[in-house]
Amino acid sequence: MVEVTLLAHIRLPFPLHIRYPWPIDMRRSTLRLLSLFALLLSSCAAPPPTRAPVDVVVLASRPAQAAPEVEDSPRQPAPPSSARYILKSDVPNTPENAAVIAFCERYRTAVEEKNVDLLVSMAAPDYYEDGGNVDPADDVDAQALESYLRTSFGNAQEIRYEIHYRRIVRENDVILVDYFYTATYRFAGAQPKTLSDDNRMVLVLAGDGFLIQSGM
């Protein structure tokens, strides 16, 4: 018989020392020792550490929704119309300028259509054109305007008259319209011709509209 001291080291979170003080026969009690170690391990082993519960948050996607309209909310003022320009022009888009260009567009369309009667009706009673020189022979007044227009149109066909408005200036009751024009036309049996130049049309107020004083 041998008296032995058993020191068992168990892999635990803390060291555990077990003393076996009574005498045993090493040869005959091997199975008993193994059974005892198994019992001790099963009873002394620390339970596995538990983990703190984890909250799982599921983010469900949902279709984007437009921001709700707020009733009776003050609306932002629209930018001033002078910040924009009238189409095919360098002229600020104000109601006054738009009315002038609308009148000039009536004139432009009448030229393309060779509508002499409409052009004459758009002329002011004091219409006068000096022809750009000092020779009075080519001057045109209101009485000579109709004849001048019919002669100028002559046998011209397929007239296309384009205008790019550059500037509108008002001086009291007189309105100066500066523009660049391109006129394309042809006579029967001839090739098309194109003329382009700067021009100034002078308008005067007439009631709620305008009349052409010069520059037709």
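Taking the criterion of being touching a residue at least 24 places away in the same chain (Cβ under 8 Å), out of contact with any Phe, Trp or Tyr (no Cβ under 7 Å at 6 or more places or on another chain) and either assigned to a helix (DSSP H, G or I) or open to solvent by 100 Å² or more (accessible area, probe 1.4 Å) (or both), the residues of the range 144-159 that qualify are Glu146, Leu149, Arg150, Phe153. Within the range 162-195, if we keep just the residues that are of a type in the set (S, T, N, Q) and not in a strand (DSSP E or B), the residue that is nearest to Ser214 (Cα to Cα) turns out to be Asn172. Here are the criteria: (1) at pLDDT 70 or above; (2) part of a helix (DSSP H, G or I). Tell me which single one Asp126 does not satisfy. Unmet for Asp126, out of (1) at pLDDT 70 or above; (2) part of a helix (DSSP H, G or I): (2). Screening Glu112 on (1) open to solvent by less than 40 Å² (accessible area, probe 1.4 Å); (2) modelled with pLDDT of 95 or more shows it passes everything except condition (1). Take the conditions among the polar types (S, T, N, Q) and within 22 Å of Thr94 (Cα to Cα) and apply them to Asn155. Does it pass? Against the criterion (among the polar types (S, T, N, Q) and within 22 Å of Thr94 (Cα to Cα)), Asn155 does not qualify.
The values are calculated or read from the model by the stated rules, or taken from the named source; none is laboratory data. Quantities reported herein were computed from a predicted structural model and do not represent experimental measurements. A quick note on method: Cβ atoms are made from the backbone with ideal geometry, for glycine too, and the neighbour counts reach across all protein chains shown. What goes into the accessible areas is simple: the full protein's heavy atoms, side chains included, and nothing from ligands, DNA or RNA. Shrake-Rupley method; radii C 1.70, N 1.55, O 1.52, S 1.80 Å.
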